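J.: This is the structure I have questions about; it appears just below.
The values are calculated or read from the model by the stated rules, or taken from the named source; none is laboratory data. No experiment lies behind these values; they were computed from the predicted model shown. Note that each Cβ is placed from the backbone with ideal geometry, even for glycine, and that neighbours are counted across all protein chains shown. SASA here: full protein model, heavy atoms, side chains in, ligands and nucleic acids out. Shrake-Rupley method; radii C 1.70, N 1.55, O 1.52, S 1.80 Å.
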Amino acid sequence: MNELILGIETSCDETGVALVRDGELLADVTATSMEEYARYGGIIPEIASRAHLESFVPTLDAALEQAGVALSDVAAVAATAGPGLVGPLIVGVSAAKALALALGKPFYGVNHIVGHIAVDQLVHGDFPEKFIGLAVSGGHSHLMLIRNIATDIEELGGTLDDAAGEAFDKVGRLLDLPYPGGPHLDRLAREGDAQAIRFPRALRSGKNKAEHKYDYSFSGLKTAVARHIEGLQARGEEIPRADIAAGFQEAVVGALMEKAIMACHENDCDTLVIGGGFSANSRLRALAEAEAARSGLKVRIPPIRYCTDNGAMIAALGWEMVRNGVAPSPFDISVNTALPREITIVR
Ligand code: KG4
Ligand code: ZN
């Protein structure tokens, strides 16, 4: 299994190109258009699509050079086919199809969210026979029971409203932090007291808990933070920004970990793999480490550079497709902006 796999990621603002051979990451290059969005307070899909188009060839060239390989050495091409923004996805998938066609090699249109989990194998080695995956990013928070990362994923639950990263970005705005708020809020929270203000945690009791055992909801929490700030402002009181950040972060991270650990216990899994942009969060990482030390649960989180969007995650998933003998995607597939987690590859 030493075929060279090319992975292409363009679902949002990052143009990622990576090369993997036999589970080894040979190159991983990323270009981003994020700096352009700070002044808009969010990603502009049209700008992102154009940026991907401009960055794609230079990023590919840089990855080939970093790996010391030629394009003709590539045995299979994988690209994110969803979920994500339609224009950016089309740029990456079209490029991947064109390369695969020109090379006479198979093309795999794969699932971005699954890629966020798959990338961990490049760092921490093969996954166990079954495990729980928690994918937390700007647009998604999902709990999955994974028996085979290429072929067998069961969705246990996910966010009913805002994803964890999205909630952080929105509360970041309330606290006057630059976009995207997630990393800034993480830093601010380190200066605060997480116990000073206790914000509500949803879906933890009664009928809601029973119906939404593995689901998350963060929009009520976000509203509670907004009300809290409004109340302080109305009374002319000072806003304890760091304490608010810490209390809010504790509520989000606590909810994420509580249900992930429950999913491990109830599904007889001794391993939890966490991925996605939000898994860069320092409190989530600390809590996961503490849980591992306390209960013996094996918690795997990739290093921060592989948490946010990158090509390595897609090359890793492409490699899994190839080594599991999964049939490639037909060349006439479309992108799917709302691709469900169970569908690891688009046909
Ligand atoms: O996975 P990702 O790069 O893109 C998506 O697929 O959405 O995730 C980006 C999200 C953003 O919402 C960003 O604010 C959040 O991840 N994020 C963080 C941290 N670093 C990135 N959220 C909390 N703490 C962080 N340290
Ligand atoms: Zn992502």
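J.: Quick one: which strands (runs of 3 or more DSSP E) sit completely within segment 1-117 and have at least 1 residues that are out of contact with any strand residue (DSSP E or B) (no Cβ under 9 Å at 6 or more places or on another chain)?
T.: Fully inside segment 1-117 and qualifying: 24-32.
J.: Which pairs turn up if I take residues in segment 263-277 that are in contact (Cβ under 8 Å) with a residue 40 or more places away in the chain and at positive phi and look for partners that are away from ligand 2 (no atom under 16 Å from the Cβ) and open to solvent by less than 10 Å² (accessible area, probe 1.4 Å) with beta carbon separation below 9 Å, at least 6 apart in sequence or on another chain?
T.: none
J.: Is there any pair with a first residue in segment 160-171 that is in contact (Cβ under 8 Å) with a residue 12 or more places away in the chain and a second that is charged (D, E, K, R) and within 16 Å of ligand 2 (Cβ to nearest atom) whose Cβ atoms are under 8 Å apart and which are 6 or more apart or on different chains, and what are they?
T.: LYS170/ASP162
J.: Being open to solvent by less than 50 Å² (accessible area, probe 1.4 Å), part of a helix (DSSP H, G or I) and within 16 Å of ligand 2 (Cβ to nearest atom) narrows it down to one residue among GLY138, GLY158, GLY182; which is it?
T.: Every option except GLY182 fails the conditions.
J.: Residues being open to solvent by less than 20 Å² (accessible area, probe 1.4 Å), within 12 Å of LEU185 (Cβ to Cβ) and either outside any helix (DSSP H, G or I) or of a type in the set (Gly, Ala, Ser) (or both): count how many of those fall in segment 243-293.
T.: Summing the residues that are open to solvent by less than 20 Å² (accessible area, probe 1.4 Å), within 12 Å of LEU185 (Cβ to Cβ) and either outside any helix (DSSP H, G or I) or of a type in the set (Gly, Ala, Ser) (or both) in segment 243-293 gives 4.
J.: Scanning for something in contact (Cβ under 8 Å) with a residue 12 or more places away in the chain, under 25 Å from the mean Cα position of the chain (by Cα), open to solvent by less than 30 Å² (accessible area, probe 1.4 Å) and over 20 Å from ALA263 (Cβ atoms), does segment 212-220 turn up at least one residue?
T.: no
J.: Among the numbered criteria (1) within 16 Å of ligand 1 (Cβ to nearest atom); (2) in contact (Cβ under 8 Å) with a residue 40 or more places away in the chain, which one does GLU320 miss?
T.: Only one criterion in (1) within 16 Å of ligand 1 (Cβ to nearest atom); (2) in contact (Cβ under 8 Å) with a residue 40 or more places away in the chain is unmet by GLU320, namely (1).
J.: Find all pairs meeting these conditions: Cβ atoms under 8 angstrom apart; at least six residues apart or on different chains; first residue within segment 23-50 and on the phi > 0 side of the Ramachandran plot and touching a residue at least 60 places away in the same chain (Cβ under 8 Å); second residue surrounded by fewer than 16 Cβ atoms within 10 Å (Cβ to Cβ) and part of a strand (DSSP E or B).
T.: none
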